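Notes for the one structure printed next.
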Amino acid sequence: MEQQAPKKRIFSGIQPTGNLTLGNYIGALRNFGLLQNEYDCLYSIVDMHAITVRQDPAELRKACLRTMSIFLACGLDPEKNIIYFQSQVPQHAELAWILNCFTYMGELNRMTQFKDKSAKHADNINAGLFTYPVLMAADILLYLTDLVPIGADQKQHLELARDIALRFNAVYGDVFTVPEGYFPKVGARIMSLQDPTRKMSKSDPDECYIAIIDPPDVIRRKLRRAVTDCEATVRFEPETRPGVANLMSILSALSGKSMDQIEADFEGKGYGQFKDAVADCVIAALEPIQKEYDRINKDKAYLESVMVSGRERAQSIAYRTMLKVRKKVGLAALKL
Ligand code: AMP
Ligand code: TRP
């Protein structure tokens, strides 16, 4: 019988906030559903990364469950994908410590996210914020990951993870897979509704983004208030008219229509009508997801079962990697 090549492994970490955006959906989440047959995928809700800034404990717990519910609602099959909470697989922390000893202060000092975050949280520049990228490297390397879907802002961290893997391998032989970024060809970059030259991001003020779980009236209001220009024609000119181009990208991504088609559809019509059509389309696209989300988020027993099976499957991979890593660096064996 013909042997099947093993599937490549994908790992991604997601910060637990309930505010995953339409940008996350179009640029990432909805494509994850397509990856699940071709790749061996792990999605970790990175609660340990989240506590590098102060969190309200009850709110953090809820936010983690909300994030898991959104993933499931977007069509990720918990049988085909491993979906779990980072802190429930203690090997992440264990490997992060070991990798700390293979990372230089100078490398971490260069990380732009650390610089940004320490400016933002000047009263709490803790060591965890500084070593955040090492924990992220541990996340990725623990599963011998081939591909990591990330946004541009995380490229520097991935680069560091690769450097750490190469450095470790140079000393101990081929222990870690050296991961690569995964940048799907399809999927538009969705921009902020208030400043369409910047990426739509959940860390911006509320009116800049559409959350996957925003109610229909909120979605419509935000889109009506989206920044455009004074030309009042629906034309795709991203350089000079980024606001309209962004709304067209959203409409195109969700309806499958080309820019030419959209231009033709709105010939002679004003922005009011156009924005309403975009709102109708976004609301219709998110409605089934929101329904599923409401159902799943209430079903605590189901969420618990996904959580437990996710962490057990993740742990069994992590355990094997750690057996090898511990042996290589000379730590006492820890057999279960
Ligand atoms: P982030 O929320 O920045 O951590 O990104 C998580 C994933 O969502 C990455 O794969 C990004 O490429 C994708 N993503 C985030 N924001 C957007 C956006 N505005 N447009 C398209 N994709 C996005
Ligand atoms: N740092 C990532 C972010 O802020 C989240 C993350 C943590 C991650 N661990 C990861 C992403 C591993 C990819 C792989 O978005």
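Data for the structure
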item	result
Tally of residues being in contact (Cβ under 8 Å) with a residue 24 or more places away in the chain and not in a helix (DSSP H, G or I) across region 280-318	0
Region 193-210: number of residues that are in contact with a Ser or Thr (Cβ under 7 Å, 6 or more places away or on another chain), at pLDDT 95 or above and either more than 16 Å from ligand 2 (Cβ to nearest atom) or assigned to a helix (DSSP H, G or I) (or both)	2
Qualifying positions in region 140-189 - in a loop (DSSP other than H, G, I, E, B) and either modelled with pLDDT under 95 or within 11 Å of ligand 2 (Cβ to nearest atom) (or both)	143, 145, 150, 151, 179, 183, 184, 185, 186, 187, 188, 189
Only one of 83, 98, 70 that is surrounded by fewer than 21 Cβ atoms within 10 Å (Cβ to Cβ), β-branched (Val, Ile, Thr) and either outside any loop (DSSP other than H, G, I, E, B) or over 18 Å from the mean Cα position of the chain (by Cα) (or both)	98
Residue list for region 211-249, filter: modelled with pLDDT of 95 or more, aliphatic (A, V, I, L, M) and in a loop (DSSP other than H, G, I, E, B)	212, 213, 226, 227, 234
Residues that are over 16 Å from residue 220 (Cα atoms) and either in contact with an Asp or Glu (Cβ under 9 Å, 6 or more places away or on another chain) or not assigned by TED's automatic domain parsing to the domain that holds residue 285 (or both), drawn from region 244-257	245, 257
Residues satisfying the stated conditions in region 92-133, i.e. under 18 Å from residue 326 (Cβ atoms) and within 14 Å of ligand 2 (Cβ to nearest atom)	92, 93, 95, 96, 99
Boolean, residue 11 is of a type in the set (Phe, Trp, Tyr), in contact (Cβ under 8 Å) with a residue 12 or more places away in the chain and under 26 Å from residue 251 (Cβ atoms)	no
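To keep it simple, each residue is scored yes or no on (1) in contact (Cβ under 8 Å) with a residue 60 or more places away in the chain; (2) within 16 Å of ligand 2 (Cβ to nearest atom); (3) not polar (S, T, N, Q).
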site	(1), (2), (3)
25	yes, yes, yes
47	no, yes, yes
54	yes, no, yes
57	no, no, yes
65	yes, no, yes
71	no, yes, yes
74	yes, no, yes
82	yes, yes, yes
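The values are calculated or read from the model by the stated rules, or taken from the named source; none is laboratory data. Only a predicted model underlies this, so the values are computations on that prediction, with no experimental measurement involved. With ideal geometry, Cβ positions are generated from the backbone for all residues, glycine too; neighbour counts draw on all protein chains shown.
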